[in-house]
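Data block below; observations after.
The values are calculated or read from the model by the stated rules, or taken from the named source; none is laboratory data. The structure displayed is predicted, hence computed values, not measured ones. Here the Cβ positions follow ideal geometry from the backbone for every residue, glycine too, while neighbour counts run over all protein chains shown.
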Amino acid sequence: MQHAMTTKQVAMLLGVPTATVRRWVRRGWLRGYRMSGRIYVARDAVRRNLFTLMTDSEASTAGERERMREVFSPAVQQLRTIIEEALNAQPVSARERAQDQGWQVLATATD
């Protein structure tokens with residue numbers, strides 16, 4: 001069962017009510033299955049559909065989307081920091097350095 005989560009676990013993870021997760025399953029936004037009277041959702045389904053659930057007004061109410069953004073805000077900020085650090089670590093071309101200095105860069109044969 002480690003590849004599946006209960007509706008309660010999904011709700012706690014995303015910061016939404018359990019009824020919301022059941023609605024997503026019922027409407028097909030998340031693929032779930034019933035076993036022993038409980039609804040389970042595959043972890044991959046949550047991972048694949050998270051962006052849609054957080055952004056699509058047909059999938060979630062404005063309040064649900066806001067709560068999910070609050071839950072994931074620290075992770076998004078960490079990701080932004082990691083990306084920024086990676087970009088800063090990349091070598092900068094002479095052309096980019098010149099543009100950063102405000103120099104006008106003329107077209108070259110490779111443009």
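A compact table of results
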quantity	calculated
From the options R65, R69, R80, R34, residue that is modelled with pLDDT of 90 or more and of a type outside the set (G, A, S)	R34
Pick from the range 50-76, criterion polar (S, T, N, Q) and surrounded by 10 or more Cβ atoms within 10 Å (Cβ to Cβ), ranking: farthest from R23 (Cα to Cα)	S73
Residue ID - farthest from G63 (Cα to Cα), chosen from residues in the range 8-33 that are more than 16 Å from the chain's Cα centre (by Cα) and β-branched (V, I, T)	V25
One residue from R95, R80, R34 being basic (K, R) and closer than 17 Å to Q9 by Cβ	R34
Residue satisfying all of: in the range 48-62; in a helix (DSSP H, G or I) and closer than 21 Å to M5 by Cα; modelled with the lowest pLDDT among these	F51
